[in-house]
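Take a look at the structure below.
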Amino acid sequence: MTVTYPLLRATDPGRWRDTATAWRAWAATAGRWAAELRAHATRLRTIWTGSAADAATAHLATLIRRLNLFRLGCWIADQALSEFATALTRSRSMLGGTPAGVTVADNGTVSGHPAAAVRDTAATITAALTIATEADSAATSRLSELDTGGTASPPTGDPPSCTATPAQVRQWWEALTPAQRRWLLATEPGRLGPLDGVPAGVRDLANRLTLDELPARLPGLDALRNRLADGDGPRAYLLQIDAAGEGRAVVALGDPDRAAHVLTQVPGMTADLASYGGELARAERIATRATELAPQQATSTVMWLGYDAPDFVHEAASRSQATDGATGLRRFQDGLRATHLGAPAHQTLLGHSYGSLVVGTAAAQPGLATDDVVFVGSPGVGVDSAAELGVPADRVWSSTSHSDVIQWAAVSPRSLVEDLALSQAVPGGALLAFTRPENDLYFGTNPSDPAFGARVFASEPDAGHLGYWEPGSAALDALAGIAVGQGDVIPR
């Protein structure tokens, strides 16, 4: 349908968001039923054997699979309605703020003066109605596909090998029938969830099922489950979950396959599932501010903890974990390109602290699927110049607060020796040597040093190491501006 101005003004996106949350709640209820059946099946196998027992166990397995199929349908409806509600919220936000001298009638007709303001207002209203109309069409199509239902059947042929590229994985997925896709999701979610090249919405479905099998005792897992069930804020997509070690997770806020702008944020030292809530909240602030700056297009932010972040200083002094993480990060970015719908998204990579070394290591090789690279609070990014990265130097950005401890904690061995020498060579040398920020850091030149060649943006002097995402701050505005392709207009 074509959305009209009166209809858009009267629409309440919150109702659609509540409906999406209700579908999510039904999926959770069915999950509890499936968990009870799995527990019964486990107990049954310990006390009963024979053909009748095998038949009963098979019947329980069938019931569990059907419940999983029901849950998948609930989540698909949830995804469609959540994205619809988000698009309506963006389009409605464009209707406010009429300039002085301009009047908008109840039917959307614009009049007044000056003529340029009338034209701009009319164009903005047209753009808002286009967003709402396209969102309505997309949601209707997705929900209609859900209505077709259908059975599940196992796929034939070989799955993609572990060396397959994300583009090859996408080709494999597209070649499957709907029934085969349903079978894989309901019976082998752990196989689909980690696959870069499988669409983000599908990975979210698979990983939500996989989440049921993870140990509840893992720190941070309950908080992650709560965020996935949360009806407030952008809809969360679980793109990876791994309980090994301290846990890894990749969560997108908003569907990256349908967003015009996608920012992937890589956290640094001590990041794990236990601290994931805070990391994700910071990414959400960028998503919120980016939508305020550019409501005409959807923005998705991704918190990428797809590597084992160092926990201790001696680990953070090594590049090994950054090197391992860079390989997975490059593949993840390729996956975003492979699964994106429509024109390629504007992709941004943001590395914080040790995460900036992961991003820098990934960007040091050509072919990284990103348009902009951003470093904040960096201990060095593995190279001494923006020209050594595989992205144009004018698309490399950096900021380091004057109060960020990284400038003292990550001093290079050479600088440390020079500071020690200075501290003993002149009166007051220790004060001079050890109270000034350093630009020669452990993993190369500080990317916020003009000598590095990045485009340096402002951050609050008292931001410390975690204040770059504070609401209302210059740094957050800059991060959001870069994310939506408005980096050229941010303050330097």
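Derivation of every value follows stated rules applied to the coordinates shown; laboratory data play no part. Since the model is a prediction, treat every value here as computed from it, not as a measurement. Ideal geometry is used to build each Cβ from the backbone, glycine not excepted, and the neighbour counts take in all protein chains shown.
Any number yet on Rg/Rh for the chain, C-alpha, Kirkwood?
For the chain, the value is 1.03.
At 0.890 mPa s and 25 °C, plugging the Kirkwood radius over alpha-carbon pairs of region 7-139 into Stokes-Einstein gives what diffusion coefficient in µm²/s?
Stokes-Einstein gives a translational diffusion coefficient of 132 µm²/s.
What does the net charge come to around residue 367 if you take all other residues with beta carbon closer than 12 Å to its beta carbon, with K and R at +1 and D and E at -1?
Once all neighbours under 12 Å are counted, the net charge is +2.
Out of every Cα-Cα pair in region 207-343, what percent are more than 19 Å apart?
Pairs farther apart than 19 Å: 51 percent.
Show me the GluC sites (Glu not before Pro) within region 177-279 that DSSP assigns to loop and that have at most 12 other Cβ atoms within 10 Å of their Cβ.
213
Once the other residues with Cβ under 14 Å from the Cβ of residue 24 are scored (Lys, Arg +1; Asp, Glu -1), what is the net sum?
Here the count lands on +1.
If the label point is 7 Å along Cα→Cβ of residue 364, which residues in region 382-400 have backbone nitrogen under 15 Å from it?
382-391
Is it possible to state the helix-based mean residue ellipticity at 222 nm for the chain, with each DSSP H run of 4+ residues giving -39500 (n - 2.57), the sum divided by total residues, to the nearest 500 deg cm²/dmol? What is it?
-16500 deg cm²/dmol
Please give the direction-averaged projected area of the C-alpha convex hull for region 330-378, in square nanometres with one decimal.
Averaged projected area of region 330-378's Cα convex hull equals 3.3 nm².
Once you have all Cα-Cα distances for region 14-76, histogram them in 5 Å bins from zero and send the whole-percent values.
Distribution as computed: 4, 18, 22, 16, 13, 9, 7, 5, 3, 2, 1 percent.
Please express the shape of region 161-232 as an equivalent ellipsoid: the semi-axes are the square roots of 5 times the eigenvalues of the C-alpha gyration tensor, given largest first in whole angstrom.
26, 13, 12
Can you give me the relative contact order of the chain as a percent, contacts being Cα pairs under 8 Å and 6 or more apart?
11
Counting DSSP beta bridges in the chain, what percent are antiparallel, to the nearest 5?
Bridges in the chain are about 45 percent antiparallel.
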